[in-house]
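Visitor: Here it is: the structure, laid out below.
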Amino acid sequence: MSLVREKCYDVAVVGAGPAGCSAALALARNGFTVVLLEKAVLPRYKTCGGGLLHRAFKLLPVAAETVVERSFNSVGLNFLGTK
């Protein structure tokens with residue numbers, strides 16, 4: 001017979017995207033025990049290509065800088081078929 005050890009958390013955050021990670025981090029920094037749940041294998045496909053707005057990135061810990069592959073300061077959008 002195997003023993004199952006249960007763990008209780010104050011908060012469960014569902015989704016390990018930028019919002020979920022930010023929420024989990026803020027809660028943990030304020031003393032809550034947090035479990036972060038993600039259904040996909042990370043890194044997961046994202047239609048935004050993993051992009052993050054600068055104002056959101058500034059809210060992450062400095063260590064987040066170590067995983068940045070590319071950064072840019074502007075983007076151009078072209079909407080084909082529009083005037």
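The values are calculated or read from the model by the stated rules, or taken from the named source; none is laboratory data. For clarity, every value in this text was computed on a predicted model and none was experimentally measured. Glycine gets a Cβ as well: all are built from the backbone with ideal geometry, and neighbour counts include every protein chain shown. Accessible surface is based on the protein model in full, side chains and every heavy atom, while ligands, DNA and RNA are left aside. Shrake-Rupley method; radii C 1.70, N 1.55, O 1.52, S 1.80 Å.
Visitor: Can you tell me which condition Val67 does not meet? The list is (1) touching a Pro at 6+ places or on another chain (Cβ under 8 Å); (2) at pLDDT below 85, and all the others hold.
Guide: All conditions pass for Val67, except number (1).
Visitor: Among the listed residues Arg70, Arg44, Arg55, which satisfies the condition of being within 13 Å of Ala16 (Cβ to Cβ) and charged (D, E, K, R)?
Guide: Arg44
Visitor: I'd like the full set of residues that are among the acidic types (Asp, Glu) and open to solvent by 70 Å² or more (accessible area, probe 1.4 Å), limited to the range 1-60. Lay out the reasoning, then the answer.
Guide: Here is the first cut: in the range 1-60, the residues among the acidic types (Asp, Glu) are 6, 10, 38.
The answer is Glu6, Asp10.
Visitor: From the list Ala12, Ala40, pick out the single residue that is part of a strand (DSSP E or B), out of contact with any helix residue (DSSP H, G or I) (no Cβ under 9 Å at 6 or more places or on another chain) and over 28 Å from Asn73 (Cα atoms). Break it down stepwise before answering.
Guide: On the way: Ala40 fails: part of a strand (DSSP E or B).
The match here is Ala12.
Visitor: Also, quick follow-up: If we scan the range 26-47, do we find a residue that is hydroxyl-bearing (Ser, Thr, Tyr) and out of contact with any strand residue (DSSP E or B) (no Cβ under 8 Å at 6 or more places or on another chain)? Full working, then the answer.
Guide: Here is the first cut: in the range 26-47, the residues hydroxyl-bearing (Ser, Thr, Tyr) are 33, 45, 47.
Going one step further and asking which of them are out of contact with any strand residue (DSSP E or B) (no Cβ under 8 Å at 6 or more places or on another chain), we end up with 45, 47.
Looking for residues that are hydroxyl-bearing (Ser, Thr, Tyr) and out of contact with any strand residue (DSSP E or B) (no Cβ under 8 Å at 6 or more places or on another chain), one finds at least one in the range 26-47, hence yes.
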